[in-house]
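Visitor: Below are the structure tokens for one structure; questions will follow.
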Amino acid sequence: MQTWTVRPIGFVRSPFTETHQVPRGLGAKHDEEGVLEILPEFEPGLRDIESFSHLFVLWLFDRSEGFSLEGTPPCDTKSHGVFATRSPRRPNPIALTVVRLLRHENNRLHVRGVDMLDGTPILDIKPYLSSIPESELKRGWLAQAEARRAKENTK
Ligand SMILES: C[S@@+](CC[C@H](N)C(=O)[O-])C[C@H]1O[C@@H](n2cnc3c(N)ncnc32)[C@H](O)[C@@H]1O
């Protein structure tokens, strides 16, 4: 099977050093600020990025080992296929986070909404654009997990 090699374009500076520090589960808020430090050789690629409010950050789960094709996420009691979850233990350990761009300073992007550990390798950055109306978006099994949680909270 053909394989491809990727290399980091930079590294995340984050307040989180351990996985358990990152908020998780239903309703978890990702408000922490961090910095995307882009390697000097790639800095010209950041030109005009400050005109976007939000960015997609593709990064590597460099501290997760192996993968499971099925598993129970922390926000549910039921098992799901890995591609229906955001599990760090996936065949290609690639992650995607949407962050708010606060400031662009040379090779550094100050952002809000990091869920990565400090030192996480960044694979790519793209402007966040979505043309899908909210009314057409389905939240899958998460909608049921959220409804169950809401029901439990009213008991
Ligand atoms: C559920 S994943 C979601 C990540 C991303 N937002 C996504 O959807 O692909 C977030 C978890 O990944 C873990 N994590 C963060 N940085 C990591 C790294 N560099 N290596 C392995 N796990 C990491 C943290 O425990 C965090 O709670």
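Visitor: Give me a count of the residues in segment 1-22 that are surrounded by fewer than 13 Cβ atoms within 10 Å (Cβ to Cβ), of a type outside the set (S, T, N, Q) and closer than 30 Å to ASP76 by Cα.
Guide: Matching residues across segment 1-22 total 3.
Visitor: Follow-up question, since we're still on this one. What are the residues in segment 66-89 that are in contact (Cβ under 8 Å) with a residue 40 or more places away in the chain and part of a helix (DSSP H, G or I), if any?
Guide: If the condition is that a residue be in contact (Cβ under 8 Å) with a residue 40 or more places away in the chain and part of a helix (DSSP H, G or I), then ALA84 is the only one that fits.
Visitor: Among (1) within 10 Å of the ligand (Cβ to nearest atom); (2) among the small types (Gly, Ala, Ser); (3) under 30 Å from ALA147 (Cβ atoms); (4) modelled with pLDDT of 95 or more, which single condition is ALA28 missing?
Guide: Going through (1) within 10 Å of the ligand (Cβ to nearest atom); (2) among the small types (Gly, Ala, Ser); (3) under 30 Å from ALA147 (Cβ atoms); (4) modelled with pLDDT of 95 or more one by one, ALA28 breaks only (4).
Visitor: If you check PHE11 against the conditions, is it within 12 Å of the ligand (Cβ to nearest atom), more than 22 Å from PRO91 (Cβ to Cβ), part of a loop (DSSP other than H, G, I, E, B) and of a type in the set (A, V, I, L, M, F, W, C)?
Guide: When the stated conditions are applied, PHE11 does not pass them.
Visitor: Next question, about the same structure. So which pairs qualify, if the first residue must be in segment 93-122 and at positive phi, the second must be of a type in the set (Phe, Trp, Tyr), the Cβ gap must be under 8 Å, and the two must be at least 6 apart or on different chains?
Guide: Close Cβ pairs satisfying both conditions: GLY119/PHE11.
One line per residue, one yes/no per condition, for (1) surrounded by 17 or more Cβ atoms within 10 Å (Cβ to Cβ); (2) at pLDDT below 95; (3) under 16 Å from ARG13 (Cβ atoms); (4) away from the ligand (no atom under 14 Å from the Cβ):
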position: LEU39; (1), (2), (3), (4): no, no, yes, yes
position: GLY45; (1), (2), (3), (4): no, no, no, yes
position: ILE49; (1), (2), (3), (4): no, no, no, yes
position: PHE61; (1), (2), (3), (4): yes, no, no, no
position: PRO73; (1), (2), (3), (4): yes, yes, no, no
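Visitor: Confirm whether ASP124 is among the acidic types (Asp, Glu), within 14 Å of the ligand (Cβ to nearest atom) and in a loop (DSSP other than H, G, I, E, B).
Guide: No.
Visitor: Just to be sure I understand, how many residues within segment 103-112 are assigned to a strand (DSSP E or B) and surrounded by 16 or more Cβ atoms within 10 Å (Cβ to Cβ)?
Guide: 5
The values are calculated or read from the model by the stated rules, or taken from the named source; none is laboratory data. Treat the numbers as computed from the prediction; the structure is a model and nothing was measured. Using ideal geometry, Cβ is built from the backbone for each residue, glycine included, and neighbour counts are taken over all protein chains shown.
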